[in-house]
Every structure is written in structure tokens, then in C-alpha cells.
Amino acid sequence: RVFNHLNIQLRIVSCILGQTNNECKKQCNEMSSVCLSVYVCVCALSSSGSKVLVHFVNQSGVKTSVFVTEGETLLDVVIKKNLDISSFGACEGTLACSTCHLIFEESVYDKLEPIVDEEVDMLDLAYGLTKTSRLGCQVSVEHWMDGMTVHVPQEINDQQGKQEAVSSK
């Protein structure tokens, strides 16, 4: 137990001293599952506060540039900054719709965390799907993303809203 406690403290200190979220996640994967949840929380907190510039291009082609706190999802950014993107984030990040569909530059897309099956299923419902499409609720801002541009597709497919409208009739 003493060894595990010391190991956690050393990993927390190294994370706080400037490792990226990806480095933290890699170390988390090497740790036992008992320690994992404590470590992940500390890693997530240690990188918050740094600001990254992100450019959003909405459906009308209007570019909006905002400073974003590392660790926030792109969906959170659109909502908190009240960006002019219609019908964005209908399910509020629960991975139950595709309204936070964003299109990334290929160089950025290639560096993103791997996509999970549930996100692929939701993207199958999205209009204007491209090979660099992701859901904004599944992409957390990292330092290396500074200066990136993301595009909102021309149309957003709000299946959840359509189903709610039908069921209320």
C-alpha cells in the first residue's frame, strides 16, 4: 500500500508539472484499476486553466474565434460562448444525437483521440458526413489544438428533436 501511495503521488506530481492529457492517460493505463479513477481526476484538473485559440466556421461561413480552456469539450465551448450555431448540441453531450457534428482539418483529425463505436453510430445519422467528422461533445480541447479551425456542416440532423415533436402530437 505504501508503494502504491508513493507511486500515485509521483505520477500526480509529474502530471501537474506539465504533461499533456495524452501522457497522463498513457500513465493511467499503466496503473492498476484501483488507482485509476483518482489519477484521472487529478490529470484532468492539472491541465485546466490554459487557454487555446479555436476558430469555428458556422453554417453561414461566418468565422468566430474564441479562447477556450483546455479540457473543455467543443460542445461546451459553443454553449458557454453562445456561438451563433443553430440547433447545436440538442442532447447536451449525452451522445444521443449528432447535432454537435463538426468537420476538422485532416491534420487535426489525425491527432484526435480514437473514435468510439457509440460516436460512430451517432455520426451515421449526421448530414454532410466527411472522413474528418467528429462530434463536438466527444472532443476535448488540448494545448496542441491552438489555432485550429473547425467547420459546422451546412445542415444539422436533429433526430432527437424530430422524435420529441412527433411524440408530443
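Read-outs: derived from the displayed coordinates by stated rules, not from any lab. Bear in mind that the values here come from a model prediction, so they are computed numbers and not experimental data. Cβ sites come from the backbone with ideal geometry, for glycine too, and all protein chains shown count toward neighbours.
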Classify the stretch 56-96 as rounded, prolate or oblate from the Cα gyration tensor: take a ≥ b ≥ c as the square roots of its eigenvalues, call it rounded if a/c is under 1.5, otherwise prolate when a/b beats b/c and oblate if not.
oblate
May I ask you to order 140-152, 53-65 by the average number of other C-beta atoms within 10 Å around their residues, highest value first?
140-152, 53-65
Nearest-20 debye value, the stretch 51-151 charge dipole, Cβ charges on Lys, Arg, Asp, Glu:
440 debye
Note, the stretch 106-113: 3J(HN,Hα) by Karplus (6.51, -1.76, 1.60, θ = phi - 60°), whole Hz, Gly/Pro = x, goes 4, 5, 6, 3, 5, 9, 5, 4
Among I85, V141, P114, pick out the residue whose Cα is farthest towards the positive end of the charge dipole of the stretch 51-151, where Lys and Arg carry +1 and Asp and Glu carry -1 on C-beta, about the Cα centre.
I85
Pop out the ³J(HN,Hα) list for the stretch 87-104 in order, Karplus 6.51 cos²θ - 1.76 cosθ + 1.60 with θ = phi - 60°, rounded to Hz; leave Gly and Pro as x.
6, 8, x, 4, 8, 6, x, 8, 6, 10, 7, 10, 6, 9, 4, 10, 10, 9
At a Förster distance of 22 Å, what's the computed FRET efficiency of S87 paired with V57, Cβ-Cβ distance as r, to 0.05?
0.85
Taking amide H positions as placed in the peptide plane 1.01 Å from N, state which residues far from M148 in sequence (5 or more) or on other chains have amide H under 5 Å from it.
H55
Over the C-alpha atoms of the stretch 51-151, what are the Rg and the largest Cα-to-Cα span, Dmax, in Å?
12.2, 32
Fewest-first sequence of D76, D124 by Cβ atoms within 10 Å of each Cβ
D124, D76
